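Q: Before I ask anything, here is the structure I am working with.
Nothing in this text is a laboratory measurement; each read-out follows from the coordinates by a stated rule. Owing to the predicted nature of the structure, the values given are computational and were not obtained by experimental measurement. Ideal geometry is used to build each Cβ from the backbone, glycine not excepted, and the neighbour counts take in all protein chains shown.
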Amino acid sequence: MTVRRRKFIGAILLLALVTVWSLGIMALSQSPALAGWFASGRTAQILFYAIAGMGWVLPAMPLIRWMQRPDAPAD
């Protein structure tokens, strides 16, 4: 597979990852389990959203590494 094709597929997968991640975080933030934690103050909310907002980077790193892998040498 060429780098160009990997980048195209990877871009679509990254968009899907960010979309699913953000929808999942929004659903999680509305759960009753976090309601008590969020009631403790605005700092808890800021901390949650900061960690959750950067959390998508970890699953994206292997995908980006795969996208940047060079082409196999042509024989």
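Q: Would you say Leu28 is loosely packed, with under 12 Cβ neighbours inside 10 Å, of a type outside the set (Asp, Glu) and in a helix (DSSP H, G or I)? Steps first, please.
A: Working: loosely packed, with under 12 Cβ neighbours inside 10 Å: no; of a type outside the set (Asp, Glu): yes; in a helix (DSSP H, G or I): yes.
Here the answer is no, as Leu28 does not meet what is asked.
Q: If you go through segment 31-63, how many residues are part of a helix (DSSP H, G or I) and either within 30 Å of Val3 (Cβ to Cβ) or of a type in the set (Gly, Ala, Ser) (or both)?
A: First, the residues of segment 31-63 that are part of a helix (DSSP H, G or I): 32-38, 42-54, 57-63.
Applying the additional criterion that residues be either within 30 Å of Val3 (Cβ to Cβ) or of a type in the set (Gly, Ala, Ser) (or both) yields 33, 35-36, 44, 50, 52-54, 57-63.
Adding up the residues that qualify gives 15.
Q: Are there any pairs, at least 6 apart or on different chains, whose C-beta atoms fall under 7 Å, with the first in segment 5-34 and free of Cβ contacts under 8 Å to residues at least 40 places away in the same chain and the second part of a helix (DSSP H, G or I) and exposed (fewer than 14 other Cβ atoms within 10 Å of the Cβ), and if so, which?
A: Note: pairs meeting the criteria are Leu34/Leu28.
Q: Now for a separate question. Trp66 passes all but one of (1) free of Cβ contacts under 8 Å to residues at least 60 places away in the same chain; (2) in a helix (DSSP H, G or I); which number fails?
A: So the condition that Trp66 fails would be (1).
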